[in-house]
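Only one structure is covered here, and it is reproduced in the block below.
The values are calculated or read from the model by the stated rules, or taken from the named source; none is laboratory data. Keep in mind that what you see is a predicted model, and the values were worked out from it rather than measured. Backbone-built Cβ (ideal geometry, glycine too); neighbour counts: all protein chains shown.
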Amino acid sequence: MRPHVTGARVRAGFTIDLEFADGSQAAVDLEPWIRGRRGVFEALQDPVYFARVAVDSDAGTIVWPNGADIDPDVLWEAAHGMASPPELPPAHR
């Protein structure tokens, strides 16, 4: 069964309290996943915009108004200490 995000609330900065359909909950700092990124993730680097996060119940993950989202598998793994953020290419550092 794929992880399914059922709740999300911005705690502070880029940290989100996540709830999953399996009953697990965790605070996940998403800053390493979005800091320095381009494209749809660039807007998320603004804390005010980042706070506009919502749960898309159909997709089972978190989304933002510009269409950015994060794979629910990645969120579940991060919440359970099993994922690390992808490394930025050298041009983005």
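In the range 1-16, which residue that is within 17 Å of Ser57 (Cα to Cα) and of a type outside the set (Val, Ile, Thr) is modelled with the lowest pLDDT? Write out each step before concluding.
We begin by selecting, within the range 1-16, every residue within 17 Å of Ser57 (Cα to Cα); these are 1-9, 16.
Those still in the list that are of a type outside the set (Val, Ile, Thr) too: 1-4, 7-9.
On the way: Met1: 68, Arg2: 81, Pro3: 89, His4: 95, Gly7: 98, Ala8: 98, Arg9: 97.
Among residues in the range 1-16 that are within 17 Å of Ser57 (Cα to Cα) and of a type outside the set (Val, Ile, Thr), the one modelled with the lowest pLDDT is Met1.
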Subject >> Lone qualifier among Ala26, Ala12, Ala43 - being within 20 Å of Asp73 (Cβ to Cβ) and aliphatic (A, V, I, L, M) >> reply: Ala26
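Can you tell me which residue within the range 1-55, out of those that are hydrophobic (A, V, I, L, M, F, W, C) and in a helix (DSSP H, G or I), is farthest from the chain's Cα centre (by Cα)?
Taking the range 1-55 first, the residues hydrophobic (A, V, I, L, M, F, W, C) are 1, 5, 8, 10, 12, 14, 16, 18, 20-21, 26-28, 30, 33-34, 40-41, 43-44, 48, 50-51, 53-55.
Cutting the leftovers down to in a helix (DSSP H, G or I) gives us 33-34, 40-41, 43-44, 48, 50.
On the way: Trp33: 8, Ile34: 8, Val40: 13, Phe41: 10, Ala43: 13, Leu44: 10, Val48: 15, Phe50: 10 Å.
It comes out as Val48.
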**OP:** Within the range 13-25, identify whether any single residue is under 17 Å from Asp69 (Cβ atoms), out of contact with any Asp or Glu (no Cβ under 6 Å at 6 or more places or on another chain), surrounded by 13 or more Cβ atoms within 10 Å (Cβ to Cβ) and of a type in the set (Gly, Ala, Ser), and answer yes or no.
**Re:** yes
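Tally time: how many residues in the range 40-64 are in contact (Cβ under 8 Å) with a residue 12 or more places away in the chain and acidic (Asp, Glu)? Talk me through it step by step, then tell me what you get.
Taking the range 40-64 as the starting set, the residues that turn out to be in contact (Cβ under 8 Å) with a residue 12 or more places away in the chain are 40-41, 43-44, 47, 49-57, 59-62, 64.
Keeping just the survivors that are acidic (Asp, Glu) gives 56.
Summing the residues that are in contact (Cβ under 8 Å) with a residue 12 or more places away in the chain and acidic (Asp, Glu) in the range 40-64 gives 1.
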Subject >> Unmet criterion (only one of (1) out of contact with any Pro (no Cβ under 7 Å at 6 or more places or on another chain); (2) at pLDDT below 95) for Ala54 >> reply: (2)
